[in-house]
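All remarks here apply to the structure that follows.
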Amino acid sequence: MPTPDELTEIIPDGRYFAEDIIGRGGMGVVYRGTQVSLNRPVAIKLMKCGAGGHYQFEDRFRREAQAMAQLNHPNIVTIFDYGHIDKDFLYFVMEYVDGTDLAEIMRTGGMTPQLAIMLLPQICVALEYAHGKGIVHRDIKPANIMITRQGEVKVTDFGLAKKVDQFNSFVTQTNMIMGTPEYAAPEQIDAHREVDHRADIYALGVMIYQMLMGHLPRGAWQPPSSKVGVDPRLDNVVVRAMMPDRNQRFQSVTELRRALEAATAAPITGDPSSRPATTFLTPSRALAQPVPRRVLLLEDDLLVRDILRRNLELSGLQVIETGDGRETIECYHEALQQGHPYELVILDLTIPEGMGGAETMQHLRQMDPKVVAVVSSGYKDDPIMSNPRHYGFAAALPKPYQREALLQMVNAVMAVDRR
């Protein structure tokens, strides 16, 4: 495959500038680049013609581009362009997702039940939209779910997607099984059975279990509520989504999403018989409780700071408050000395009577180049808020805060930028 410089030279009309390689797979290579005419970041997926003939890679590559072109949704990666480079390569250009995928988040231990509950509705909404357009993904798995640093879901890799009005099984004409068997519904490995949208529901059930438990549901698997911090009401959602008989599963992703929402709603008060069963901790389970993740907060407005602290604590985070940048630097330095740095720092950009977020961040980066920080401000047009990554911040958090958006961003940043 060409180097980024070589790809820039051979792309027609110099429309794109390839910068570096960000992914490799069986179907080709993905480059990070720039669309020259609009100066916007893009991802360029390139495949060599004739590669992987037995696996129908060229057909899958075209199908992926065509499926994505039909889908215009904020939780699905957008495609911009598709074409040939002479007779050697096929390529398509899509939006660049500044973040990582669920598989990497889980691999590095960044997934928590709280983050899972925040991300799952977005995944459901994306699949609802695709199914509404008559497209079944057929390869739902963590590696195909991208997460931005703002906590936005982007479903990608529609290489196995098919229209629901076409016969489609999981097996090729040469009897090769395509996709990822761990997430495949039973009907997908039967060459004589038609696969519909309920296969995506099965895969989503497997993925929900994995997001909550940290491993795949193999053998006589334990219910999700066997893990500390997981609501027992989620057990029935996972079990029904993964029923071997697709007629016994949720019959739509909308139905699954509503069941998730009901299972994660606040516990019912009043009649004790209507409340979810209480999960008692055995001594071994009590010892297994995770160490709280720590957030260092710089905010001079006491009211705003109190609101932030309470909302963050609702997500299971331990919050240390500061009102001036110098105090923030001292707290961070002390944590480094103890070998237990903060997992996230939230810095108010403007502190009228003290050191603000920009100067504080400069000191923190000198102290710890791996510091993960979010900048916060009501001045949305400030250059730092418009382009936080350029100034070393993971993301920008505009004021006023909305609780769900705040928790979604904080959890996503802590997962994506985890050391």
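A few remarks follow.
- Residue list for segment 245-261, restricted to those being of a type in the set (D, E, K, R) and in a loop (DSSP other than H, G, I, E, B): Asp245, Arg249
- So Gly392, is it farther than 25 Å from Pro113 by Cα, touching a residue at least 40 places away in the same chain (Cβ under 8 Å) and surrounded by 14 or more Cβ atoms within 10 Å (Cβ to Cβ): no
- In segment 182-197, the residues that are surrounded by fewer than 23 Cβ atoms within 10 Å (Cβ to Cβ), in contact (Cβ under 8 Å) with a residue 24 or more places away in the chain and not in a loop (DSSP other than H, G, I, E, B): Glu182, Pro186, Glu187
- Some residue of segment 36-58 being modelled with pLDDT of 90 or more, of a type in the set (Ser, Thr, Tyr) and in a strand (DSSP E or B): no
- Any hit, segment 400-413, residues being assigned by TED's automatic domain parsing to the domain that holds His340, assigned to a strand (DSSP E or B) and aliphatic (A, V, I, L, M): no
- Taking the criterion of being assigned to a loop (DSSP other than H, G, I, E, B) and of a type outside the set (Ser, Thr, Tyr), the residues of segment 103-149 that qualify are Gly109, Gly110, Met111, Lys133, Gly134, His137, Arg138, Asp139, Ile140, Lys141, Arg149.
- Gly99 vs. criteria surrounded by fewer than 17 Cβ atoms within 10 Å (Cβ to Cβ) and within 18 Å of Ile145 (Cβ to Cβ): no
- Considering segment 289-376, the qualifying helices (runs of 4 or more DSSP H), each wholly inside and each with 1 or more residues that are farther than 17 Å from Gly392 by Cα and in contact with a Lys or Arg (Cβ under 8 Å, 6 or more places away or on another chain), run over 302-314, 325-337.
- Verdict on Asp348 being without any contact (Cβ under 8 Å) to a residue 60 or more places away in the chain, closer than 18 Å to Asp301 by Cβ and acidic (Asp, Glu): yes
- Leu216, sole failed condition from (1) touching a helix residue (DSSP H, G or I) at 6+ places or on another chain (Cβ under 6 Å); (2) at pLDDT 85 or above; (3) in a helix (DSSP H, G or I): (3)
- Single residue of segment 58-93 satisfying the filter (hydrophobic (A, V, I, L, M, F, W, C) and closer than 16 Å to Ala143 by Cβ) that is surrounded by the most Cβ atoms within 10 Å (Cβ to Cβ): Ile76
- For the condition charged (D, E, K, R), over 24 Å from Val416 (Cβ atoms) and not assigned by TED's automatic domain parsing to the domain that holds Thr148, Arg365 does not qualify.
The values are calculated or read from the model by the stated rules, or taken from the named source; none is laboratory data. Being a predicted model, the structure only gives us computed values, none of them experimental. So basically every Cβ, Gly included, is an ideal-geometry build from the backbone, and we count neighbours across all protein chains shown.
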